[in-house]
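To start, the structure under review is shown below, and the notes come after it.
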Amino acid sequence: MTLPLPHPLFPVPRLVERPWGGTALRAWGRACVDGSKFGESWELGQVADCDSLLEGNEFPSLSHAVALDDGNWLGVGKGSFPLLIKLIDAHDTLSIQVHPSKDGPGFRAKNECWVVLEAPPGAFLYAGTEMNLPPDELVERLGAGDLSPLRKLHVFVGDVVMIPAGTIHAITAGLVIAEVQQSSDTTYRLYDWGRVGLDGKPRELHLQEALACVDTRPNPGLKPMPVAVDPGREILCATPWFALSRLRPGNGEHMETKDRFLVLMALEGPVDLVWLGGRKVLEKGRTVLVPRGVQFQVAGGLLLEVWVPDWDRDILGPVLAAGFSRQAASQLSAGLISA
């Protein structure tokens, strides 16, 4: 098959109802009718029962695009797409939960991060612990509804929060979040506020599974300090699985994906996206997947950039070149990568 000329791909968001969801994603371009409980908009991913549909007739879904040329033309390589990207509306507080750090039978590792898009006054997240309790004691206390061992991390619009696998966490009521994670849908609930699911039945807890993967150690570095590496661009976080930066392109920013794919999400719009043979205006909340080898230009608005980084080239090198230290680069990983 002749490979297509690399060009941006536009995924179709998939709205997912959750018992804690609401209608706040309407402000991000999603069709949320009054009274709906759309907690998540799956923007881009190939996991579980989600295979993102793509606009146009070239590829019916993300998996078809990934399968072509073993993913090389896309800049993915063999296998499925490595990330899952969502918008989340926490109308009510989510369950207290944790994700595994290793793959196993029927489950996959899940490191993730959040970018705060909307936050009520005094907003906080449950993120990690305040004390290093024995795992069985911590899980038992949380399962009984005692949340005092958890850290309340206060957040504001624009903050980024890292949630390494094994970190107990919950998004709280009133927050709207952009979530970037490994391609996994494995979640273990420890406490769910006595809530019932959309089917009217109590939602299952997973205390034994959580006990096997929980990291009880307090981690003071879960809210990394962004590092400005260029005018208008700052790196928000960086891990072996994904990196995020925030870009304000102003009157125009020329970019090239070179040997990797890049995901862009418009945090503010409109953003004017121009490439060889095409042009599209991205409104707030729109996501685009740019394959490798594409030269393009963006102008206006504010963009979230997501990619799988080469640490030395994409993170450490730019941080050092901008006059910051190795420690400044390391803290972008919430302790996952040492200085």
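The values are calculated or read from the model by the stated rules, or taken from the named source; none is laboratory data. A quick note: this is a predicted structure, and the numbers were derived from the prediction, not measured. So basically every Cβ, Gly included, is an ideal-geometry build from the backbone, and we count neighbours across all protein chains shown. Surface areas here come from the heavy atoms of the whole protein model, side chains and all, with no ligands, DNA or RNA. Shrake-Rupley method; radii C 1.70, N 1.55, O 1.52, S 1.80 Å.
Has the stretch 92-106 got any residue that is under 17 Å from the mean Cα position of the chain (by Cα) and under 25 Å from residue 305 (Cα atoms)? Taking every residue of the stretch 92-106 in turn, at least one turns out to be under 17 Å from the mean Cα position of the chain (by Cα) and under 25 Å from residue 305 (Cα atoms).
Among residues of the stretch 185-199 being part of a loop (DSSP other than H, G, I, E, B) and either open to solvent by 50 Å² or more (accessible area, probe 1.4 Å) or hydrophobic (A, V, I, L, M, F, W, C) (or both), the one that is farthest from residue 37 (Cα to Cα) is 185. Restricting the search to strands (runs of 3 or more DSSP E) fully inside the stretch 239-301 and requiring at least 2 residues that are more than 20 Å from residue 183 (Cα to Cα) gives 243-247, 253-256, 262-268, 271-275, 278-282, 295-299. Residues that are in contact (Cβ under 8 Å) with a residue 40 or more places away in the chain and assigned to a loop (DSSP other than H, G, I, E, B) were ranked within the stretch 107-124; the one that is surrounded by the most Cβ atoms within 10 Å (Cβ to Cβ) is 110. Taken over the stretch 298-339, the residue count meeting the criterion of being surrounded by 14 or more Cβ atoms within 10 Å (Cβ to Cβ), free of Cβ contacts under 8 Å to residues at least 60 places away in the same chain and small (Gly, Ala, Ser) is 5.
Scanning the stretch 222-253 for residues that are in contact with a strand residue (DSSP E or B) (Cβ under 6 Å, 6 or more places away or on another chain), over 13 Å from residue 302 (Cα atoms) and among the charged types (D, E, K, R) gives a single hit, 223.
Those residues that are in contact (Cβ under 8 Å) with a residue 40 or more places away in the chain, in a loop (DSSP other than H, G, I, E, B) and either touching a helix residue (DSSP H, G or I) at 6+ places or on another chain (Cβ under 6 Å) or open to solvent by 30 Å² or more (accessible area, probe 1.4 Å) (or both), I need them from the stretch 75-92; list them, please. Those that are in contact (Cβ under 8 Å) with a residue 40 or more places away in the chain, in a loop (DSSP other than H, G, I, E, B) and either touching a helix residue (DSSP H, G or I) at 6+ places or on another chain (Cβ under 6 Å) or open to solvent by 30 Å² or more (accessible area, probe 1.4 Å) (or both): 76, 80, 81, 82, 91, 92.
Here residue 69 fulfils each of the conditions (1) outside any loop (DSSP other than H, G, I, E, B); (2) open to solvent by 10 Å² or more (accessible area, probe 1.4 Å); (3) at pLDDT 95 or above apart from (3). Against the test of being open to solvent by 10 Å² or more (accessible area, probe 1.4 Å), of a type in the set (D, E, K, R) and touching a Phe, Trp or Tyr at 6+ places or on another chain (Cβ under 7 Å), the options 217, 246, 233, 260 yield a single qualifying residue, 260. Screening the candidates 211, 205, 198 for the property of being touching a Gly at 6+ places or on another chain (Cβ under 7 Å) and of a type in the set (A, V, I, L, M) yields one hit, 205.
Restricting to the stretch 125-171, name every residue that is assigned to a loop (DSSP other than H, G, I, E, B) and either at positive phi or open to solvent by 50 Å² or more (accessible area, probe 1.4 Å) (or both).
If the condition is that a residue be assigned to a loop (DSSP other than H, G, I, E, B) and either at positive phi or open to solvent by 50 Å² or more (accessible area, probe 1.4 Å) (or both), then 130, 131, 132, 134, 144, 145, 146, 148, 156, 157, 158, 166 are the ones that fit.
Considering each residue of the stretch 256-272, count those that are of a type outside the set (Val, Ile, Thr) and under 14 Å from residue 304 (Cβ atoms), and give that number. Of the residues in that region, 7 qualify.
Restricting attention to the stretch 7-49, the residues being part of a strand (DSSP E or B) and touching a residue at least 40 places away in the same chain (Cβ under 8 Å) number 17. Would a scan of the stretch 82-90 turn up a residue that is touching a strand residue (DSSP E or B) at 6+ places or on another chain (Cβ under 9 Å), of a type in the set (A, V, I, L, M) and farther than 28 Å from residue 291 by Cα? For the stretch 82-90, residues touching a strand residue (DSSP E or B) at 6+ places or on another chain (Cβ under 9 Å), of a type in the set (A, V, I, L, M) and farther than 28 Å from residue 291 by Cα: present.
Of all residues in the stretch 267-285, those satisfying the criterion of being open to solvent by less than 50 Å² (accessible area, probe 1.4 Å), touching a Pro at 6+ places or on another chain (Cβ under 9 Å), in contact (Cβ under 8 Å) with a residue 60 or more places away in the chain and not aromatic (Phe, Trp, Tyr) are 273, 278, 285.
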